[in-house]
Amino acid sequence: GINPASTASGIYQDGLIWGCRVNDNNPNLPEIRVGGQTYNVGTTAGYVVSPGPNPVASEETPIWRIRRDWQRFFDGADGTGEPVLHFPEIIKEAAACFQIARTSVSDNQQREIIEQYRSDWQNWPVHLGAPYYDVNFDDSYTPGLEIDLNGNGVIETGEREEPGYALADQIVYYVNHDLNPQTTNALFGSPPIGLEIQNVIWVYDQPDETLGQMLFKQYTLINKSGYLLDSMFIGQWSDPDVGQFTDDFIGVDSLRGLG
């Protein structure tokens with residue numbers, strides 16, 4: 001929801017829905033298959049490690065989260081020092097993460113949040129599709145490589161090879177898949193297709209500007225089934241919850257592509 005944290009609900013639940021024909025010539029499975037996330041979630045955390053007719057998913061299911069200014073939470077200018085405690089935003093995040101009151105947040109819980117920012121930045125999963133600034137456009141990740149692309153004599157965000165996307169101030173990245181027949185069948189009664197879904201969510205630290213009141217999402221669906229898919233349809237599913245669930249009014253502007 002686009003609200004100050006813990007003040008109101010804007011979106012009760014949302015997700016991505018898809019459907020297509022799967023040309024695997026298996027007479028025991030339906031050709032048309034659907035999946036995604038609604039109130040039931042038809043995907044499973046993890047990435048596909050072995051694509052093909054019998055794809056295999058990883059057991060590793062982390063969610064990576066970075067912020068561009070992570071180094072300021074350490075007493076070393078390069079982020080190699082010890083965590084500095086009692087930043088209001090870190091206390092706020094720790095309270096949300098551990099589901100406790102802000103007054104109950106401990107020093108160790110603050111350290112855990114700060115250390116996770118350092119770890120996720122340093123171990124950003126580029127090999128799993130996480131976005132980064134490829135400043136020399138060679139499709140290869142070379143951390144620390146700098147090029148003054150605009151020629152102003154200053155290395156700015158987007159001119160250093162590092163984690164990031166769209167000049168965002170904070171990014172969340174995770175991967176899921178539809179290989180678990182129990183979850184896909186629980187959603188729409190459909191067997192898996194064989195998709196990996198890479199998810200990027202990003203925001204801007206602009207509290208008084210329009211961009212600061214939004215969050216942005218990007219989905220990348222990759223067919224790892226080993227079979228041809230056709231007639232694919234994709235849609236954003238959402239249950240807005242403005243005020244109470246009994247009084248929601250939904251509007252669509254088809255010309256502007258807005259819901």
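Grab the Cα-Cα distance for Y39 and Q13, subtract it from 0.36 nm times how many residues apart they are, and report the gain in nm with one decimal. Don't skip to the answer; put the middle values down first.
Numbers: separation 26, 0.36 × 26 = 9.36 nm, distance 0.68 nm.
Extra length from Y39 to Q13 when fully extended: 8.7 nm.
Regarding the chain, what whole-number volume in Å³ per residue does the convex hull of its Cα atoms give?
Details: hull volume 48.1 nm³, N = 259.
Dividing the Cα hull volume of the chain by its residues yields 186 Å³.
Less than 5 angstrom separates the built amide H of V56 from those of V49, S50, all sequence-distant by 5 or more or on a different chain. Give the average over all directions of the projected area of the C-alpha convex hull of region 58-148, one decimal, in nm². Seen from a random direction, the Cα hull of region 58-148 projects 7.6 nm² on average.
Report, in deg cm²/dmol and to the nearest 500, the calculated mean residue ellipticity at 222 nm for the chain, where each DSSP H run with n ≥ 4 adds -39500 (n - 2.57) and the sum is divided by the residue count. List each step's numbers first, then the result.
Values: 3 runs with 35 residues, N = 259.
Result for the chain, helices only: -4000 deg cm²/dmol.
Taking a point 7 Å from the Cα of S238 along the Cα-to-Cβ direction, the residues of region 165-198 with backbone N closer than 19 Å to it are 172. The slack between N25 and I155, meaning 0.36 nm per residue of separation minus the straight C-alpha distance, is 41.4 nm. Taking label points 7 Å from Cα along the Cα-to-Cβ direction, L145 and T246 give a separation of 6.0 nm. Annotation: amide H-H contacts under 5 Å for D241 (H modelled 1.01 Å from N, sequence separation of 5 or more, or interchain): I11, Y12.
How high is the relative contact order of region 138-254, given as a whole-number percent (alpha carbon pairs under 8 Å, six or more residues apart)?
Working: 136 pairs, mean separation 18.7, N = 117.
For region 138-254, the relative contact order is 16 percent.
From the square roots a ≥ b ≥ c of the eigenvalues of the alpha-carbon gyration tensor of region 38-90, which class results: rounded (a/c under 1.5), prolate (a/b over b/c), or oblate? Present the calculation step by step, with values, prior to reporting the outcome.
Values: a/c = 4.73, a/b = 2.34, b/c = 2.03.
Prolate is the answer for region 38-90, as a/c is 1.5 or above and a/b outweighs b/c.
Report the FRET efficiency, 1/(1 + (r/R0)^6), for S104 and D78, where r is their Cβ-Cβ distance and R0 is 25 Å, rounded to 0.05. According to the calculation, E is roughly 0.20.
In nm, what is the difference between 0.36 nm times the number of residues separating D253 and V126 and their Cα-Cα distance? Can you show the working numbers first?
Values: separation 127, 0.36 × 127 = 45.72 nm, distance 3.63 nm.
Extra length available between D253 and V126 comes to 42.1 nm.
Checking the a/c ratio against 1.5 first, then a/b against b/c, what shape does the Cα gyration tensor give for region 130-259? All intermediate terms of the calculation are to be shown ahead of the outcome.
Numbers: a/c = 2.59, a/b = 1.33, b/c = 1.95.
It is oblate, given that a/c is not under 1.5 and a/b is not larger than b/c.
Every read-out reported here was derived from the displayed coordinates using simple, explicitly stated rules and does not represent laboratory data. As the structure is a computational prediction, the values presented were derived from the model and not from experiment. Ideal geometry is used to build each Cβ from the backbone, glycine not excepted, and the neighbour counts take in all protein chains shown.
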